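Have a look at the structure below, then the notes.
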Amino acid sequence: MPLTDIAIRNAKPKEQAYKLFDGGGLFLFVTPSGSRLWRLAYRFAGKAKQLSFGPYPTISLADARQKRDEAKRALADGEDPSVVRQKAKIEAAATAENTFGLIAAEYLERLSAKGCAPATLTKNRWFLEKLAGPALGNRPISHITPVEVLSVLQSVERSGRLETARSLRSTIGSVFRLAISTLRAESDPTASLRGALRPPKVVHRAALIEPKDVGALLCSIDTYTGWPSVRAALLFNALTFCRPGEVRGARWKEIDLEKGVWTIPEHRMKMRRPHLVPLSRQAIQVLDDLYPITGTSELVFPSIRSHKKALSENAFNSALRRMGFTQDEMTAHGFRATASSILNERGFPPDVIEAALAHVEPNAVRRAYNRATYWPERVAMMQAWADMLDDFRALKIRSPTE
């Protein structure tokens, strides 16, 4: 007869252990100490075997019957229930160990190994450890749901950091994609959250785009009395319209003055691709004038405090403020917008301008074609741009500080 809860509760210990059978191989093993343990007797590959389910009443009669039925289904599928359970334990242990925090740390290590820029690595570490870590860090990554991720993102969104929330979603998604590619997760919950966050307002970097205003800026830079490295770097930034970080980190070994080429290695480029910059006569003159001052340093534009350290991130903008240009008028990054706006307005080919700005063409074939084709055009355009800046100076417009 099948067992009942009353029969099980009334089962008293005896001098010898005994069994109470329920059916289908399931039985309750009652020990002399009074323990009541669920067991399942079965045969696999011609051998008699047993499987333990745990003690009663922790495992109820209904629970024991459910476990028996699951074991029977495994046998019907040609699997040994003991092996199935062992696999489940291993998978559970692996799941517990593969937390979001663990895989996030692995993701950061991979970024570092790829030569990721320090600033980018620091930003990703802050996203994953400070913003996502408290809520998700100790959670098994395969158990994290879209609702949990959305809660983290909305917490950042509510603080008003809309762009940060969007970037955080992307970074969390990168961690999940690493987990998927290494068979530690099956899906990326951030994929279902596209459109869930409010879009940030696009704020364009301040830049001067009128020739007379650019002329006033150049006159201010020419007469700047601060550290020579800063003055030269600002002029070089205006002439090459590279990213400020690329200019600040320029090395003398990257520059071939005879050929008029500055080769920026991939590890210093935002897009992680090497970038060649044609140098105009004016850009070469800036470097020639600076060499007696900083030529003994590895860096072209070293800090005033140490020739072994590059100019600080705020050096350019601080100098612009001292000249009287507010952050709403001009920023160091604004030189790129200035050049792009004026060159486009004056009819230079957009593809050539984009190549000079080191913007990445999404089409790989077209990207390779552009890199090979536009060098002569870029050389000519950079010289034309430098000559334009001289013309803007000649306008002799008073600077804001005069």
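Considering only residues that are outside any helix (DSSP H, G or I), open to solvent by less than 80 Å² (accessible area, probe 1.4 Å) and in contact (Cβ under 8 Å) with a residue 12 or more places away in the chain, which ones fall in region 117-162?
Answer for region 117-162, where residues must be outside any helix (DSSP H, G or I), open to solvent by less than 80 Å² (accessible area, probe 1.4 Å) and in contact (Cβ under 8 Å) with a residue 12 or more places away in the chain: ALA117, GLY137, ARG139, PRO140, ILE144, THR145.
Kindly establish whether ALA165 is within 26 Å of ARG243 (Cβ to Cβ), surrounded by 15 or more Cβ atoms within 10 Å (Cβ to Cβ), over 12 Å from the mean Cα position of the chain (by Cα) and not aromatic (Phe, Trp, Tyr).
yes
May I ask you to list the residues in region 327-345 that are out of contact with any Phe, Trp or Tyr (no Cβ under 8 Å at 6 or more places or on another chain), open to solvent by 10 Å² or more (accessible area, probe 1.4 Å) and either aliphatic (A, V, I, L, M) or not in a loop (DSSP other than H, G, I, E, B) (or both)?
Of everything in region 327-345, those that are out of contact with any Phe, Trp or Tyr (no Cβ under 8 Å at 6 or more places or on another chain), open to solvent by 10 Å² or more (accessible area, probe 1.4 Å) and either aliphatic (A, V, I, L, M) or not in a loop (DSSP other than H, G, I, E, B) (or both) turn out to be ALA337, SER341, ASN344, GLU345.
Residue-wise test of (1) without any contact (Cβ under 8 Å) to a residue 60 or more places away in the chain; (2) part of a loop (DSSP other than H, G, I, E, B); (3) over 30 Å from PHE176 (Cβ atoms).
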position	(1), (2), (3)
LEU51	yes, no, yes
ALA88	yes, no, no
LEU102	yes, no, no
TYR107	no, no, no
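So for region 201-214 (the condition being open to solvent by 60 Å² or more (accessible area, probe 1.4 Å), over 24 Å from LEU357 (Cα atoms), in contact (Cβ under 8 Å) with a residue 40 or more places away in the chain and hydrophobic (A, V, I, L, M, F, W, C)), does at least one residue qualify?
Among the residues of region 201-214, not one is open to solvent by 60 Å² or more (accessible area, probe 1.4 Å), over 24 Å from LEU357 (Cα atoms), in contact (Cβ under 8 Å) with a residue 40 or more places away in the chain and hydrophobic (A, V, I, L, M, F, W, C), which makes the answer no.
For region 11-28, what are the residues that are open to solvent by 40 Å² or more (accessible area, probe 1.4 Å), within 18 Å of PRO57 (Cβ to Cβ) and either of a type in the set (Phe, Trp, Tyr) or not in a strand (DSSP E or B) (or both)?
Scanning region 11-28 gives LYS12, PRO13.
Inside region 255-287, can you point out the residues that are surrounded by fewer than 19 Cβ atoms within 10 Å (Cβ to Cβ), touching a strand residue (DSSP E or B) at 6+ places or on another chain (Cβ under 7 Å) and not β-branched (Val, Ile, Thr)?
GLY260, MET269, PRO274, LEU276, listed by residue number.
Which of the residues that make up region 40-56 are of a type outside the set (Phe, Trp, Tyr) and touching a helix residue (DSSP H, G or I) at 6+ places or on another chain (Cβ under 9 Å)?
Matches in region 40-56: LEU40, ARG43, LYS49, GLN50, LEU51, GLY54.
Residue by residue, here is whether (1) more than 25 Å from the chain's Cα centre (by Cα); (2) within 30 Å of LYS130 (Cα to Cα); (3) of a type in the set (Lys, Arg); (4) open to solvent by 50 Å² or more (accessible area, probe 1.4 Å) holds:
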residue: GLY34; (1), (2), (3), (4): yes, no, no, no
residue: THR58; (1), (2), (3), (4): yes, no, no, yes
residue: ASP63; (1), (2), (3), (4): yes, no, no, yes
residue: ARG68; (1), (2), (3), (4): yes, no, yes, no
residue: GLU109; (1), (2), (3), (4): no, yes, no, yes
residue: ALA113; (1), (2), (3), (4): no, yes, no, yes
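The values are calculated or read from the model by the stated rules, or taken from the named source; none is laboratory data. Bear in mind the structure is a predicted one, so any value in this text is a computation, not a measurement. Note that each Cβ is placed from the backbone with ideal geometry, even for glycine, and that neighbours are counted across all protein chains shown. The area values use the complete protein model at the heavy-atom level, side chains included, leaving out ligands, DNA and RNA. Shrake-Rupley method; radii C 1.70, N 1.55, O 1.52, S 1.80 Å.
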